[in-house]
Amino acid sequence: MSKSITYIKRHKKGFIYFHWINAVTFFLLFLTAMPLYTNKFLFLYEAFGAETLQTMHHILGVIFILNPIVALLITARSGIFTLIREVLRFDKDDVKFLVKFPAELIGREPKGMPKQGFYNGGERMNILLQALLWLGFVVSGLTLWLGAGHISPTIRTWMIPLHSLCADLGFAAAIGHIYLAIGVNPDSFQGMRDGTVKESYAKHHHAKWVDSLEKEGKLETVERIVK
Amino acid sequence: MAQEMAMLHDIARCSACRACMVACKQWHDLPADMSTPFEGQYQSHATLTPTTWTLIRMTEHTDDKGKFNWDFVKTQCMHCGDPACAKGCPEEAIDKLASGAVVINEEKCVGCGYCVANCPFDVPKINPQTHKSTKCDLCFDRIEEGITPSCAKTCTADALQFAPYEEIEEIARQRVAELKAEGHPDANVYNPQGVGGVHMIYVLPEKPMVYGFNPQSKTPVSIDIWKDVVRPLGKLAGAGALVGVLGLAAVKGLTGKKKQDDDQNGKGEH
Amino acid sequence: MDLSRRDFLKATGIGGISLALSSLGFDLKEAKAAAHTFKLEGAREFTSICHFCACGCGVIGYVKDGKLINLEGSTDSPINRGALCSKGLGYAVIPNSKERATKPLYRAPGSDHWEEISWDEAIDRAAKAMKNAREKGWKQTEEIDGETYEVRRTDGLSFIGGSQINNEECYQNIKMARALGVVYIDNQTRVCHANTPPAMGAAFGRGAMTNPWGDLKNTKLVWIEGSNLAECHPMGLKNVMKAREQNGTKIVHVDVRYTRTSKIADEFFQLRPGTDIAFMGYIISQMLEREKFNKDYVLRNTNAACLLRDDFSFHDGLFSGFDEAKKSYTNRESWGYALGADGKPQKANDLFAPNTVLSRLKEFYSRYTVEMVSNVTGMPAEEIQRAADIWVNHEGPAIIMYALGMTQHTVGVQNIRCFTIMQLLKGNIGIPGGGIIAMRGQPNVQASTDFGIEFNMQPGYLVAPTHKTNTLAKWTDAFGTFRRKWYVNMTKAWFGEHATAENDYGFNYGAIRNGNHPDSIYAIFEDAWRGTMHALYLCGQNPHVTNANAGLVHDGLCKMDSLVVQDIFVNETAEFWNRPGDNPADIQTEVIFLPACSYLEREGSITNSMRLIQWRMKGPDVLGDSKPDYEINDMLWKRIRELYADSTDKKDEPIKFMTWNYRKDHYLEDIMKEISGYDVATGTVVNGIGELKDNGETASGMWIYAGYYGREGNMTARRGQDDPGNIGIFPQFGWAWPDNIHILYNRASCLEDGSPADKDHPLVWWDAAAGKWTGYDVPDVGNRTAGPSTPAGQKPFRMNGEGFARIYAAPYKDKNPDGTTRDASSTPVDGPIPEHYEPFESPTHNAMHENENAQHNPCIKYPRLPEKQPIGTKDKFPYVLCSSGIAEHWCSGTVTRNIPWLNELVKENFVEISEQLAKKIGVKAGDKVKVSSARSEIVVKAMVTKRAQPLKVNGEETHMVWMPYSFGFKGLSTGPSTNYLTNDALDPNSEEQEFKACLVNVQKA
Ligand SMILES: Nc1nc2c(c(=O)[nH]1)N[C@H]1C(S)=C(S)[C@@H](COP(=O)(O)OP(=O)(O)OC[C@H]3O[C@@H](n4cnc5c(=O)[nH]c(N)nc54)[C@H](O)[C@@H]3O)O[C@H]1N2
Ligand SMILES: Nc1nc2c(c(=O)[nH]1)N[C@H]1C(S)=C(S)[C@@H](COP(=O)(O)OP(=O)(O)OC[C@H]3O[C@@H](n4cnc5c(=O)[nH]c(N)nc54)[C@H](O)[C@@H]3O)O[C@H]1N2
Ligand code: HEM
Ligand code: HEM
Ligand code: SF4
Ligand code: SF4
Ligand code: SF4
Ligand code: SF4
Ligand code: SF4
Ligand SMILES: [Mo]
């Protein structure tokens, strides 16, 4: 039996690329630096060579820095603007959402969830956090990498804990984020694959967004036959 | 227990013959480093380099009395009592030996550069060829054989001395007294306590700043924050996140049936 | 030489803190367990003597698989106690250096490259080239001053070098040269310390540094004038530091520039190059005026109270007896003593009676007022006064340390004479913590001078015969029976059975010089330019970089037939035909290069500045096909001799008769025995000078080294650590000439009765009970059983004809009872008292004299070769250039510019200028500037520094600039040679040039 499901266009190609490049470099950066973080990962240095991994960390760092910039300027302007706009629009509903949201984590359906925009309160928090961490990584990472002789040693010494802190928070947040994306809301995952989400999912989770799209007549839908 | 040793550089006596620089390279088989071009200065290198573990800095200054001074300062690892480099080394590749020598273990070093960032005296340098951190090792191998470190042994003006810590402290005190009597009221021993004291002690005729020394140098607290707060917290957070997520998934798997609302609320079936 | 390993470790172990540590409970074993294998484990140790300066530091090397793996100072050396300077350490790369030439090389006339050739071919070519040149330039007779003399010499072949090779090699070289009839022979001493022996000799009878390094610790005042101790004799500094530590000794530095020595000194006084006589003249005047001198010492030990002739005069800057046309003092009689009926100098009762030495001196220097001296030197009057006060008021022993700042002037001898006067007045000669530390430069320049690798000397400071002294009788009349004995021992050693009483022990196998013509290192290239000098054998010197007016060296070489170079590197002189910018095809000189091995690769003895002879052991294997110099010398001489095997020409007899009986497996030992001396009949070696006879029964190649290989064997290899009296003498460490005396003239430390004048610091004394002189040092008494009441026991300065020291250098011959000359005292040719004259090229007029003949030293003859020796004047070349060594490089730089560790410290040539001058010519540090003189111009970077300061000279602001001279076009670091600029006007006493002052211009390049 097959049925036709309506999908709504949510993310543009450029933004999807941006996301995945970001996601992958993030993990590779994490991995390439892990041996420094804990000796349990020293085997990585032994396997690939400390210098190689550190060089990779630096190259990936460059990608990690450039990716959002390129996205903002060229490839995913609207997607990034959306991110920024959404973060700036954080409101009462988002607070309510955050209060009620935890139940979703274990698969429950919280009652009286307020309607959510393009990104919900949690996502908005995530965006903000990731943006700040990005800045933290960039500043601390570049200082550690290239700062010798240019930046005062006292400042430089602080970059190590800062960088570590970013990695800690970033990692924890990423885990949560992935869990939500894969474990809790697999439907959202679709959005990061082909840019569309089920209409039903969208209406349920991002009602404000769907409403506004409808009002503006900008709702683009795609029908798909599902077996 | 091994004896704690120390080296002394008596700035008033140093002639900048730079034998110590060559002695260091000779003993450690370090190649010459021509990275600093000649631009009308005597000083050979702008800073320590991966193959230059000790450098005589040569500066000119005219003091309050209008007297011209040519100052020579031997820079090298200070062999801190509380070495930031060792503390902050993620690989524990830097050992503080009983003799006071702070020594990089090449085998363990992964060249991350944290010691470079942490050292309050800008000492360690990563050698790009070997990708290891490098610096003066106080000739610990010689000390173990009962031989004076190469630079101190060769000093042509007896400006460098090497002896048990207390002896050096005593010599330094005496020299400062002498310098004061000779008309250097600001003479002092440079042995910054902020880094736990050093095993490379200086006798300075004038205030430390004159020679580019910071009396306030200290082992950065950021290392403690990093080691004692950030890292444990980070590990906790990382592990917590993982465990949490797994736990959540487990709970979810046990309690909630798969959410199907999206599908059900989907637009019509065909 | 045969030390068991255990002793060896004890003696030389690189040592340090182990004793301290074990006594403090440092558990070495425990510590060791933690570490990896120690670098030196399993290596073979050997000791040697540093190859650079004449401090003569002991080194200890470590060899693994025939290769040197470590080099440092040996702790048992009393000189350096484990330390080495940057150069001494840097030498560690030389035994393995890829830059070394390790194959004999040949450069054909007109060729633009070297070819590798076999040793056989190289030696054959070298021998033939030398033979050809010898024949081409042979002079059997010569007309001199209107008379014909048999001269038996060649003017076509020349020898240069000696300071870089061991004693035994020096001896081979001098024998070769003398056998060939070569008189154009010279070594580094010419350009370095040639002015020292005539000056010190004129005062004390010997030309050498008086006190050993180890004794410096006993002094209370160190007066460093004209020396860059910290940079050029670092271990001299180390010993001075001991004095400062123990006695709170004051260190005074008088120099023309602020150097690293000034930094460690307590007081620094700056003056203009070449004006020290004015400065010291004032100090001497103050000592005499204020009567602040050691009256007792002066009366006992010097000619201070001697009466002088009253026909002496000094007018307009000239002493009596000057011949303007000849530019020389042709009549020096008036400078002499008013001799008594016995032909001996007479002493007045009152030191300042009319015509005593001291009253003449006092009057002479009364012209040196502080204002006058300030005008001349550029030193402010208060500073001059302060400096004088330090010296004049000082109590206790003081030493004067000097080197090239004094010697390298056209008034070099008289500069140093001032020191001898200052120290004799203070009573500081012959005592611990006193003396004049004349610091030789090159590692073995002391010995190459001892061995007479000089045109004017034979081994042991016996004057080389000239037309005026062309027979043994005439020679003896001039220099005395005292020295005849040594001469005869030398020729006996040289000509063996051919030296007989009948032929004056072979005196006549030797060449006769033209006494009017100095055959110095400068003459070699001038005569090459003139076309009469055809070949040069160069052994370890680099005149293309280091001679003054070096362009002339190049041009001279271009005109020679052959050049034979024996060196460890192909230096600039060897490759002169390949100078950048020249076309090799235009240069027809053939060059044969003989690769020597480095000092670490061979054994032999070497003599440092304090006359200490030390032994060098062989360390690593020789590199490639290079060979020890003594082996090369041996091959070369044997080949030359072969070439003459069939000759029946009388002129070739010295070649055939010259002894050369050295067993292959005891080669150096045999040479040493010959130098030291032996009984001709039995072959037994002598133990000292005292055993030499004047009748041919003994032979000794060089009397002053007699005993250095004695019946106990090789004295130079001794490493005894005893220091009786704790004076710093270490009599059982190596062996010092003469007779292992360490503090020369130490008899002067005793009263007439032979007891120490300073009871608290005895040095030597007469032991009445034992009936001999004894003490901590070997007493400097000719016959040690001659009591203080006998004439021989009463000569504090026994090497002077007078038997005492000469504050005033009167010409004097001491007669034997039979009327023959016993000994003669020498007098500088330019005056018995030092007088200030301007440097040859000077930025000002001589403030002391209007007389044009007295602007500079009146006896200078210059230019000698006008087309090659232009003279610069102040209008075009307003600044004074001083050039000298720098701590991190060595002389021509051949060796040090091939040591990367030293190149990183000093990377290129430069000119040091003041901020004021930089501003004036619009440059800043690091900018390129053109430095030009009347002779040439070069471009280097400017070092702008507060260390350099202009001086007010005769009311005018005067700038001095400074350059090192250690650069050339070969090696790992290259740069233009400073010596293209310098000037080769010479001190008339010694033919030494004025490196420390010439005129240049400096402009933005
Ligand atoms: N590092 C190093 N060491 C060396 C050498 C080297 O090339 N490099 N060379 C070796 C040799 S061969 C020698 S001979 C010795 C030389 O040793 P030094 O004589 O100590 O060396 P210099 O620097 O030539 O000259 C000594 C000082 O004399 C000063 N001076 C110049 N003119 C005058 C003057 O008119 N009056 C006074 N009062 N001072 C003056 C110079 O500024 C300099 O500081 O060093 C030996 N040691
Ligand atoms: N402008 C200026 N010029 C100066 C001076 C100055 O103060 N100013 N100083 C002068 C003085 S004091 C001196 S002494 C001279 C020095 O002048 P040089 O003697 O010409 O200079 P070095 O560099 O010592 O040259 C020694 C040579 O010996 C070679 N050599 C080294 N070891 C051995 C060995 O074992 N065997 C052989 N066969 N060769 C060996 C070296 O490679 C080098 O080529 O320079 C003089 N020139
Ligand atoms: C902006 C880009 C980044 C740059 C320039 C950068 C640079 C660096 C540098 C220079 C180091 C020191 C060691 C080395 O040189 O390898 C380092 C360490 C590290 N980096 Fe990055 N990095 C960046 C981003 C990231 C990201 C995104 C992560 C992922 C979480 C990360 C994780 C780490 C970790 C965990 C360490 C070790 C920290 C510690 O030992 O406490 N970095 N980084
Ligand atoms: C396997 C790993 C990952 C998956 C499956 C995943 C999935 C997703 C999905 C499905 C979305 C879209 C949510 C939506 O449309 O509303 C999203 C958005 C986003 N992702 Fe990821 N992601 C991953 C890794 C990462 C990583 C490592 C980062 C950052 C370090 C990241 C940062 C973001 C951000 C900032 C957004 C937008 C806001 C948000 O939706 O939370 N993602 N991700
Ligand atoms: S060896 Fe001694 S005198 Fe020479 S530069 Fe080093 S510390 Fe100074
Ligand atoms: S000076 Fe720097 S490198 Fe040396 S011990 Fe102290 S912190 Fe470590
Ligand atoms: S570079 Fe080496 S020694 Fe320095 S902190 Fe990193 S691992 Fe440790
Ligand atoms: S102690 Fe050893 S490693 Fe350190 S500067 Fe001196 S010679 Fe070099
Ligand atoms: S150059 Fe002179 S001071 Fe330096 S190590 Fe050699 S002998 Fe000693
Ligand atoms: Mo010299």
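Sort out which residues of segment C:215-262 are within 21 Å of C:PHE730 (Cα to Cα), facing chain B (nearest Cβ under 9 Å) and of a type in the set (Lys, Arg), and write them in order of number.
C:LYS238, C:LYS242, C:ARG244
I need every pair where a residue in segment C:54-70 that is in contact (Cβ under 8 Å) with a residue 12 or more places away in the chain has its Cβ under 8 Å from the Cβ of a residue that is within 16 Å of ligand 4 (Cβ to nearest atom) and not in a strand (DSSP E or B), sequence separation at least 6 or different chains.
Cβ pairs passing all conditions: none.
Residues C:LYS941, C:LYS970: which one is open to solvent by 30 Å² or more (accessible area, probe 1.4 Å), in contact (Cβ under 8 Å) with a residue 24 or more places away in the chain and within 14 Å of chain B (Cβ to nearest Cβ)?
Details: C:LYS970 fails: within 14 Å of chain B (Cβ to nearest Cβ).
None of the others qualify; the one that does is C:LYS941.
Got a sec? Which of C:ASN608, C:ASN695, C:ASN633 is surrounded by fewer than 17 Cβ atoms within 10 Å (Cβ to Cβ) and not basic (Lys, Arg)?
Numbers: C:ASN608 fails: surrounded by fewer than 17 Cβ atoms within 10 Å (Cβ to Cβ); C:ASN633 fails: surrounded by fewer than 17 Cβ atoms within 10 Å (Cβ to Cβ).
When all the criteria are applied, what remains is C:ASN695.
Taking segment A:150-172 only, how many residues are more than 8 Å from chain B (Cβ to nearest Cβ) and farther than 19 Å from A:ILE65 by Cα?
The number of residues fulfilling the criteria is 4.
Go over the candidates C:ASN979, C:ASN1001 one by one and state the one that is in contact with a Phe, Trp or Tyr (Cβ under 7 Å, 6 or more places away or on another chain), open to solvent by 20 Å² or more (accessible area, probe 1.4 Å) and more than 14 Å from every other protein chain (Cβ to nearest Cβ). Can you show your working first?
Numbers: C:ASN979 fails: open to solvent by 20 Å² or more (accessible area, probe 1.4 Å).
Just a single option satisfies the conditions, and that option is C:ASN1001.
Only one of these is of a type in the set (Asp, Glu), under 21 Å from C:ASN173 (Cα atoms) and assigned by the TED database to the domain that holds C:PRO628: C:ASP519, C:ASP527. Name it. Before you say what the answer is, go through the steps one by one.
Values: C:ASP527 fails: under 21 Å from C:ASN173 (Cα atoms).
Within the list C:ASP519, C:ASP527, the selection yields C:ASP519.
Quick check: anything in segment C:206-214 open to solvent by 10 Å² or more (accessible area, probe 1.4 Å) and either under 30 Å from C:PHE159 (Cβ atoms) or within 18 Å of the chain's Cα centre (by Cα) (or both)?
Within segment C:206-214 (the criterion being open to solvent by 10 Å² or more (accessible area, probe 1.4 Å) and either under 30 Å from C:PHE159 (Cβ atoms) or within 18 Å of the chain's Cα centre (by Cα) (or both)), the answer is yes, since at least one residue qualifies.
Please identify the pairs in which a residue from segment B:128-143 that is assigned by the TED database to the domain that holds B:ALA101 and touching a residue at least 24 places away in the same chain (Cβ under 8 Å) has its Cβ atom under 6 Å from the Cβ atom of a residue that is β-branched (Val, Ile, Thr) and away from ligand 3 (no atom under 16 Å from the Cβ), counting only partners at least 6 apart or on another chain.
From residues that are assigned by the TED database to the domain that holds B:ALA101 and touching a residue at least 24 places away in the same chain (Cβ under 8 Å), the pairs are B:SER133/B:ILE104; B:LYS135/B:VAL123; B:CYS136/B:THR54; B:ASP137/B:VAL103; B:PHE140/B:VAL103.
Out of C:GLY725, C:GLY690, C:GLY754, I need the residue that is on the phi > 0 side of the Ramachandran plot, assigned to a helix (DSSP H, G or I) and not basic (Lys, Arg). Which one? Can you show your working first?
On the way: C:GLY690 fails: on the phi > 0 side of the Ramachandran plot; C:GLY754 fails: assigned to a helix (DSSP H, G or I).
On inspection, the qualifying residue turns out to be C:GLY725.
Would you call B:GLN26 more than 7 Å from every other protein chain (Cβ to nearest Cβ) and at pLDDT 95 or above? Before the answer, list the steps.
On the way: more than 7 Å from every other protein chain (Cβ to nearest Cβ): no; at pLDDT 95 or above: yes.
In short, no.
Can you tell me which residues in segment B:98-144 are assigned to a loop (DSSP other than H, G, I, E, B), more than 15 Å from ligand 6 (Cβ to nearest atom) and among the acidic types (Asp, Glu)?
B:GLU107
Kindly establish whether B:GLY81 is at pLDDT below 95, small (Gly, Ala, Ser) and assigned by the TED database to the domain that holds B:PHE162. I'd like the intermediate steps shown before the answer.
Values: at pLDDT below 95: no; small (Gly, Ala, Ser): yes; assigned by the TED database to the domain that holds B:PHE162: yes.
The answer is no for B:GLY81.
Please go through segment A:1-45 and pick out each residue that is within 30 Å of B:GLN129 (Cβ to Cβ), more than 10 Å from every other protein chain (Cβ to nearest Cβ) and open to solvent by 70 Å² or more (accessible area, probe 1.4 Å).
Across segment A:1-45, the qualifying residues are A:LEU31, A:LYS40, A:PHE43.
Can you tell me which residue among B:ILE104, B:ILE56, B:ILE94 is within 16 Å of ligand 3 (Cβ to nearest atom) and at pLDDT 95 or above?
B:ILE94
State yes or no: is C:ILE640 within 29 Å of the chain's Cα centre (by Cα), open to solvent by less than 20 Å² (accessible area, probe 1.4 Å) and of a type in the set (A, V, I, L, M, F, W, C)? Spell out the reasoning first.
Working: within 29 Å of the chain's Cα centre (by Cα): no; open to solvent by less than 20 Å² (accessible area, probe 1.4 Å): yes; of a type in the set (A, V, I, L, M, F, W, C): yes.
So C:ILE640 fails the test.
Inspect all residues belonging to segment C:338-352 and state whether any of them is over 23 Å from C:PHE279 (Cα atoms) and assigned to a helix (DSSP H, G or I).
No, that holds for no residue.
Among the residues of segment B:16-34, is any assigned to a strand (DSSP E or B) and more than 16 Å from ligand 1 (Cβ to nearest atom)?
No - not one qualifying residue is present in segment B:16-34.
With respect to B:GLY66, determine if the residue is more than 9 Å from chain C (Cβ to nearest Cβ), part of a loop (DSSP other than H, G, I, E, B), at positive phi and more than 14 Å from ligand 5 (Cβ to nearest atom).
So B:GLY66 passes the test.
For segment C:423-453, how many residues meet the condition of being within 16 Å of ligand 2 (Cβ to nearest atom) and either open to solvent by 10 Å² or more (accessible area, probe 1.4 Å) or over 18 Å from the mean Cα position of the chain (by Cα) (or both)?
Qualifying residue count, segment C:423-453: 2.
Check whether at least one residue in segment C:892-913 is acidic (Asp, Glu), away from every other protein chain (no Cβ under 14 Å) and not in a loop (DSSP other than H, G, I, E, B), and report yes or no. Step through it out loud before you land on a result.
To start, the set of residues in segment C:892-913 that are acidic (Asp, Glu) comprises C:904, C:908, C:912.
Cutting the leftovers down to away from every other protein chain (no Cβ under 14 Å) gives us none.
Checked against the condition, which is being acidic (Asp, Glu), away from every other protein chain (no Cβ under 14 Å) and not in a loop (DSSP other than H, G, I, E, B), segment C:892-913 yields no hits at all.
The values are calculated or read from the model by the stated rules, or taken from the named source; none is laboratory data. As the structure is a computational prediction, the values presented were derived from the model and not from experiment. Every residue, glycine among them, receives a Cβ derived from its backbone with ideal geometry; neighbour counts consider all protein chains shown. In case anyone asks, the SASA skips ligands and DNA or RNA and just uses the protein heavy atoms, side chains included. Shrake-Rupley method; radii C 1.70, N 1.55, O 1.52, S 1.80 Å.
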